[in-house]
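Engineer: Below are the structure tokens for one structure; questions will follow.
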Amino acid sequence: MPTNWCARALDGHAVAVLIHVEVQGDAESGFGERMFVYQTRLRDRYGLDVVSLTVLTDTTASFRPSQFRHRRWGCGIAFRFPMVKLLDCVAPQRWAELEASDNVFALVVMAQIRAKVTNEAETLKGWKFRLIRRMYERGYPQTLILEVFRLIDWMIRLPKALEADFRQELYAYEEQHRMPYATTVEQAGIEKGLQQGVQQGLQQGLQRGEATILMRLFSCKFGPDLVETYRSRIESAEPEQLEVWSERLLTADTPETIFH
């Protein structure tokens, strides 16, 4: 994830710097070398100074790559890059710093950490509610609350029953504090419902189209009278079944051989 940045060198002159941030979620043996490859390719492509940084979100305590070294026949490479391990933030002092921060990104970091290190679903539900409630307590704007809600909701996945409990608790909290807008849960649900509605509408449209085509071909081969006999069956069939019947229609001698 490269980003342009303008900095000042020690002599006061402005320097264009390309910031390369890599977020790594799993332990990877060749990660240091990959960071080096990205660094060199970015320098070669953009002709700028490149600063490579990495954020490790995995739970392997021993995975802490911060360099890549290679040496052969007197020729060597020594590449170092700053590294932040989110797992370290579980320590009491670091966690307290995150909780005290009014930066909304601190909530996202805490959600990621809890999603990684918490195994008990009920405890995880409590953390999810606590982090989202904190946005209300700090008076964040509605649009920001909704965006962060989506992110935390994606990071912290709960079993279906606990997810229902969590949403009911959040709904009750929002009602209790008389939020002057549609609740976060409702708003997220509305948008998700609209997306699902569009997808479902497209799928139903395709299904009707396939059924119509099959009935036309059926009519051409066996006559329009027999189409009415099988119309309801064809119109209620799933797309996969319609596809099978369409293939059988090509070689069928009687309707029964299609629908057997």
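The values are calculated or read from the model by the stated rules, or taken from the named source; none is laboratory data. Not measured: the values here are computed from a predicted model. With ideal geometry, Cβ positions are generated from the backbone for all residues, glycine too; neighbour counts draw on all protein chains shown. These accessible areas exclude ligands, DNA and RNA; they are computed on the full protein's heavy atoms, side chains included. Shrake-Rupley method; radii C 1.70, N 1.55, O 1.52, S 1.80 Å.
Engineer: Looking only at region 21-61, which residues are in a loop (DSSP other than H, G, I, E, B), within 19 Å of Asp88 (Cα to Cα) and of a type in the set (Ser, Thr, Tyr)?
Structural biologist: Across region 21-61, the qualifying residues are Thr57, Thr59, Thr60.
Engineer: What residue, of Asp88, Asp44, Asp49, is out of contact with any strand residue (DSSP E or B) (no Cβ under 8 Å at 6 or more places or on another chain) and farther than 20 Å from Val23 by Cβ?
Structural biologist: Asp44
Engineer: Given the options Leu206, Leu194, name the one that is loosely packed, with under 12 Cβ neighbours inside 10 Å, modelled with pLDDT under 70 and either of a type outside the set (D, E, K, R) or in a loop (DSSP other than H, G, I, E, B) (or both).
Structural biologist: Leu194
Engineer: Continuing with the same structure: Among what's in region 145-163 and is in a helix (DSSP H, G or I) and open to solvent by 60 Å² or more (accessible area, probe 1.4 Å), pick the residue that is modelled with the highest pLDDT.
Structural biologist: This residue is Ala161.
Engineer: Search region 83-99 for residues that are open to solvent by less than 50 Å² (accessible area, probe 1.4 Å) and pair each with any residue that is in a strand (DSSP E or B) when their beta-carbon atoms are under 8 Å apart and the residues are at least 6 apart or on different chains.
Structural biologist: Every condition considered, the pairs that remain are Lys85/Leu56; Leu86/Val55; Leu86/Leu56; Leu87/Leu56.
Engineer: For Val109, work out the one condition from (1) surrounded by 13 or more Cβ atoms within 10 Å (Cβ to Cβ); (2) more than 25 Å from Tyr136 (Cβ to Cβ) it doesn't fulfil.
Structural biologist: (2)
Engineer: Can I ask one more? Considering every residue within region 131-144, establish whether at least one is of a type in the set (Val, Ile, Thr) and in a helix (DSSP H, G or I).
Structural biologist: As a first pass, look at region 131-144 and keep what is of a type in the set (Val, Ile, Thr): 132, 143.
Then keep just the ones that are in a helix (DSSP H, G or I); that gives 132, 143.
Yes, region 131-144 has at least one match.
Engineer: Another question, if that's okay. Among what's in region 22-49 and is modelled with pLDDT of 90 or more and of a type in the set (Val, Ile, Thr), pick the residue that is farthest from Phe63 (Cα to Cα).
Structural biologist: Filtering region 22-49 for residues that are modelled with pLDDT of 90 or more and of a type in the set (Val, Ile, Thr), the one farthest from Phe63 (Cα to Cα) comes out as Thr40.
Engineer: Taking the criterion of being assigned to a helix (DSSP H, G or I) and surrounded by fewer than 17 Cβ atoms within 10 Å (Cβ to Cβ), would at least one residue in region 62-76 satisfy it?
Structural biologist: So the first thing to find is which residues in region 62-76 are assigned to a helix (DSSP H, G or I), and the list is none.
Checking region 62-76: not a single residue is assigned to a helix (DSSP H, G or I) and surrounded by fewer than 17 Cβ atoms within 10 Å (Cβ to Cβ).
Engineer: Among the residues of region 115-125, which ones are open to solvent by 40 Å² or more (accessible area, probe 1.4 Å) and either in a helix (DSSP H, G or I) or among the polar types (S, T, N, Q) (or both)?
Structural biologist: Of everything in region 115-125, those that are open to solvent by 40 Å² or more (accessible area, probe 1.4 Å) and either in a helix (DSSP H, G or I) or among the polar types (S, T, N, Q) (or both) turn out to be Lys116, Val117, Asn119, Glu122, Thr123.
Engineer: Look at region 28-39 and say how many of its residues are of a type in the set (Val, Ile, Thr) and either closer than 25 Å to Val109 by Cα or open to solvent by 60 Å² or more (accessible area, probe 1.4 Å) (or both).
Structural biologist: Qualifying residue count, region 28-39: 0.
Engineer: If you go through region 39-59 one residue at a time, do you hit one that is closer than 30 Å to Ile156 by Cβ and aromatic (Phe, Trp, Tyr)?
Structural biologist: no
Engineer: If you scan region 240-250, which residues turn out to be open to solvent by less than 90 Å² (accessible area, probe 1.4 Å) and either more than 37 Å from the chain's Cα centre (by Cα) or at pLDDT 75 or above (or both)?
Structural biologist: Gln241, Val244, Trp245, Ser246, Arg248, Leu249
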